[in-house]
Amino acid sequence: MDTQLYDTVIVGGGPAGLNGALYLGRSRRRVLLIDSGDARNMAAGVMHNVLTNDGVDIADFRARSRAQLGAYDVTFRDDEVVSAHGEDDHVVVTTKESGTFRARTLLYAAGVRSVLPPVPGIADLWGKSVFECPYCHAWEVRERPFAVYGGTVPSECLASTLTVWSDDITYLPGRRELPRDERDLLAAAGVPVRAGGVAGLEPHPDGVRVAFEDGGGAQYGALFLHLDLEPRTEPLRPWIDTPDLESVQTDDRGRTSVPRLYVAGDLGRNMQQAAMAAASGGLAAMAVNADLIREDRPGSLPAPPPPAAPR
Ligand SMILES: Cc1cc2nc3c(=O)[nH]c(=O)nc-3n(C[C@H](O)[C@H](O)[C@H](O)COP(=O)(O)OP(=O)(O)OC[C@H]3O[C@@H](n4cnc5c(N)ncnc54)[C@H](O)[C@@H]3O)c2cc1C
């Protein structure tokens with residue numbers, strides 16, 4: 001067990017955790033950042049919509065951020081947190097390999113997992129020619145034909161949004177019968193529907209080839225879809241009784257209803273984009289810093305606003 005008492009342990013070294021560490025490091029806080037190195041955007045290799053870093057290599061972005069944090073009292077551990085819980089006036093965080101750590105606060109920024117639908121071949125193309133976010137990926141494949149797969153999670157609004165980047169979009173509902181409202185939205189967007197189960201996806205020199213269960217097939221520049229997302233909250237399970245941090249988050253600064261626990265990034269109520277994740281990490285770090293000042297110098301700051309009802 002590390003006997004130091006950190007001001008904050010940050011779980012997650014993506015944009016949220018790294019920016020939280022930057023704010024806290026610059027606030028003269030002693031920070032430990034633990035990261036298991038398997039963020040969900042790694043499949044894409046690069047990141048867009050990040051000012052001065054558009055198209056940046058993700059590993060390089062992380063390495064440069066860590067190097068800059070070297071100026072502050074921020075320690076890194078490449079490890080996986082397996083459990084975290086509160087004890088009196090601190091939190092206890094246990095990792096797979098480097099032991100147990102104590103801190104006055106925990107900033108939890110472990111992100112979410114993308115749950116791909118059970119379509120053969122999709123995992124190999126994820127982040128390469130199969131995407132979820134038009135703002136992150138559509139520019140690179142603009143003006144090519146797109147497929148939008150709505151076979152598992154309805155994606156009609158995604159199809160309508162994509163009309164900005166291509167006027168040749170086909171909606172694939174799989175074996176699902178399209179409800180009226182979904183059909184109406186697609187019709188208004190001018191997006192035709194190709195019914196029938198999807199047998200699998202294969203790489204194609206121009207993007208992706210979709211094989212249909214009825215024997216047909218078609219090539220597209222890219223396939224877009226909405227996904228189910230799983231919050232990566234397993235280590236908190238003994239401490240909080242719900243994996244749904246959205247309902248635990250009480251304000252826009254990442255405070256939660258659990259004392260000493262803060263949340264940032266793709267978890268909680270945040271828009272799931274790198275710049276937004278980074279911003280929420282900064283906000284949460286400011287909340288952590290203010291709450292530590294409140295604890296150390298009672299009465300020196302007004303109380304934070306009362307908890308908001310879950311959205
Ligand atoms: C394929 C793909 C491409 C994307 N492209 C873009 C893009 O171009 N532009 C954009 O703005 N957004 C993009 N996004 C979204 C963006 O990646 C996320 O919004 C952003 O990374 C969220 O940052 P975060 O810090 O919350 O989480 P993450 O970046 O996911 O980082 C979380 C970190 O926590 C670590 N972690 C998780 N559990 C534990 C644990 N138990 N112990 C220790 N560490 C743990 C993980 O290893 C990971 O490094 C993309 C998403 C995907 C899936």
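The values are calculated or read from the model by the stated rules, or taken from the named source; none is laboratory data. Keep in mind the model is a prediction, meaning the values are calculated, not measured. Backbone-built Cβ (ideal geometry, glycine too); neighbour counts: all protein chains shown. Protein only, heavy atoms only, side chains kept; ligands, DNA and RNA dropped before computing areas. Shrake-Rupley method; radii C 1.70, N 1.55, O 1.52, S 1.80 Å.
Results, tabulated for the structure shown:
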| quantity | calculated |
| --- | --- |
| Close pairs from region 13-41: first in the same structural domain as Ala84 (by TED's automatic domain parsing) and modelled with pLDDT of 95 or more, partner assigned to a helix (DSSP H, G or I) and among the β-branched types (Val, Ile, Thr), Cβ under 7 Å, at least 6 apart | Leu24/Val288 |
| Residues within region 233-249 that are part of a loop (DSSP other than H, G, I, E, B) and touching a strand residue (DSSP E or B) at 6+ places or on another chain (Cβ under 6 Å), tallied | 3 |
| Residue within region 250-269 that is within 17 Å of the chain's Cα centre (by Cα), farther than 18 Å from Ala16 by Cβ and modelled with pLDDT under 95 present | no |
| Hey, Arg40 within 29 Å of Val130 (Cα to Cα), more than 14 Å from the ligand (Cβ to nearest atom) and open to solvent by 40 Å² or more (accessible area, probe 1.4 Å) or not | no |
| Condition broken by Gly268, with the remaining ones in (1) touching a residue at least 60 places away in the same chain (Cβ under 8 Å); (2) within 11 Å of the ligand (Cβ to nearest atom) satisfied | (1) |
| Leading residue by the ranking (least open to solvent (accessible area, probe 1.4 Å)) among those in region 224-244 that are in contact (Cβ under 8 Å) with a residue 24 or more places away in the chain and in contact with a Pro (Cβ under 6 Å, 6 or more places away or on another chain) | Thr233 |
| Members of region 242-265 that are within 16 Å of the ligand (Cβ to nearest atom) and within 15 Å of Thr8 (Cβ to Cβ) | Arg253, Gly254, Thr256, Leu261, Tyr262, Val263, Ala264, Gly265 |
| Pick from region 68-111, criterion over 10 Å from Val9 (Cα atoms) and of a type in the set (Ser, Thr, Tyr), ranking: farthest from the ligand (Cβ to nearest atom) | Tyr72 |
| Condition check for Val258: in a loop (DSSP other than H, G, I, E, B), closer than 18 Å to Val93 by Cα and hydrophobic (A, V, I, L, M, F, W, C) | yes |
| Any chance Arg28 is more than 7 Å from the ligand (Cβ to nearest atom) and within 27 Å of Glu140 (Cβ to Cβ) | no |
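One line per residue, one yes/no per condition, for (1) among the acidic types (Asp, Glu); (2) under 23 Å from the mean Cα position of the chain (by Cα):
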position	(1), (2)
Glu87	yes, no
Phe101	no, no
Asp124	yes, yes
Lys128	no, yes
Leu158	no, yes
Ser166	no, no
